[in-house]
Amino acid sequence: MTTAALPRRVFSLLFALVWFVNGLLCKVLDFVPRHREIVGRILGEDHALTLTRLIGLGEIVMAAWILSQWKWRWSAGAQIIAVVAMNVIEFLLVPDLLLFGRWNASVALVYCAIVTYAGFIYSPTSAKTVRS
């Protein structure tokens with residue numbers, strides 16, 4: 001790995017950590033019941049835990065994809081779409097259950113801006129050779 005590829009590796013580790021922690025700890029292991037409550041309110045209480053765990057597994061898969069650096073720009077786009085979609089739905093339907101209320105949208109936009117930078121703007125020539 002070249003020194004120019006190092007920032008991309010750091011970005012991928014940080015992004016993967018976000019998805020992995022939210023997927024495994026918050027959803028699959030249900031350490032943060034608020035996530036299950038959000039899913040229950042939006043999709044129905046009957047299968048909220050199962051659906052929350054499935055969403056969590058999807059987030060763990062996203063973390064693995066990010067770590068692989070395979071189709072880096074595609075993974076950045078998928079992250080942005082997922083974060084924006086989840087936050088729009090939550091902003092409109094369950095703002096009272098969000099950690100920062102409607103301000104969660106601001107946190108999501110900052111995350112999306114960083115992902116946009118890492119995925120589409122920052123790309124030194126030598127980093128492109130690392131599984132672009």
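The values are calculated or read from the model by the stated rules, or taken from the named source; none is laboratory data. For clarity, every value in this text was computed on a predicted model and none was experimentally measured. Ideal geometry is used to build each Cβ from the backbone, glycine not excepted, and the neighbour counts take in all protein chains shown.
Residues are listed down the side, and each one gets a yes or a no for (1) among the β-branched types (Val, Ile, Thr); (2) within 19 Å of Leu109 (Cα to Cα); (3) surrounded by 14 or more Cβ atoms within 10 Å (Cβ to Cβ); (4) in contact with a Gly (Cβ under 8 Å, 6 or more places away or on another chain):
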{"position": "Ser12", "(1), (2), (3), (4)": "no, yes, yes, no"}
{"position": "Gly23", "(1), (2), (3), (4)": "no, no, yes, yes"}
{"position": "Arg73", "(1), (2), (3), (4)": "no, yes, no, yes"}
{"position": "Met86", "(1), (2), (3), (4)": "no, yes, yes, no"}
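Which of the residues that make up the range 49-60 are over 12 Å from Phe15 (Cβ atoms) and surrounded by 13 or more Cβ atoms within 10 Å (Cβ to Cβ)?
Leu49, Leu51, Thr52, Arg53, Leu54, Ile55, Gly56, Leu57, Gly58, Ile60, listed by residue number.
Collect the residues in the range 92-116 that are at pLDDT below 95 and aromatic (Phe, Trp, Tyr), keeping them in residue-number order.
Of everything in the range 92-116, those that are at pLDDT below 95 and aromatic (Phe, Trp, Tyr) turn out to be Phe100, Trp103.
Determine if the range 58-73 includes at least one residue that is touching a helix residue (DSSP H, G or I) at 6+ places or on another chain (Cβ under 6 Å), within 29 Å of Phe120 (Cβ to Cβ) and free of Cβ contacts under 8 Å to residues at least 24 places away in the same chain.
Yes, the range 58-73 contains at least one residue that is touching a helix residue (DSSP H, G or I) at 6+ places or on another chain (Cβ under 6 Å), within 29 Å of Phe120 (Cβ to Cβ) and free of Cβ contacts under 8 Å to residues at least 24 places away in the same chain.
Could you tell me which of the residues Ala108, Ala113 is under 17 Å from the mean Cα position of the chain (by Cα), surrounded by 16 or more Cβ atoms within 10 Å (Cβ to Cβ), without any contact (Cβ under 8 Å) to a residue 60 or more places away in the chain and within 17 Å of Phe15 (Cα to Cα)?
On the way: Ala113 fails: surrounded by 16 or more Cβ atoms within 10 Å (Cβ to Cβ).
Checking each option against the conditions leaves just Ala108.
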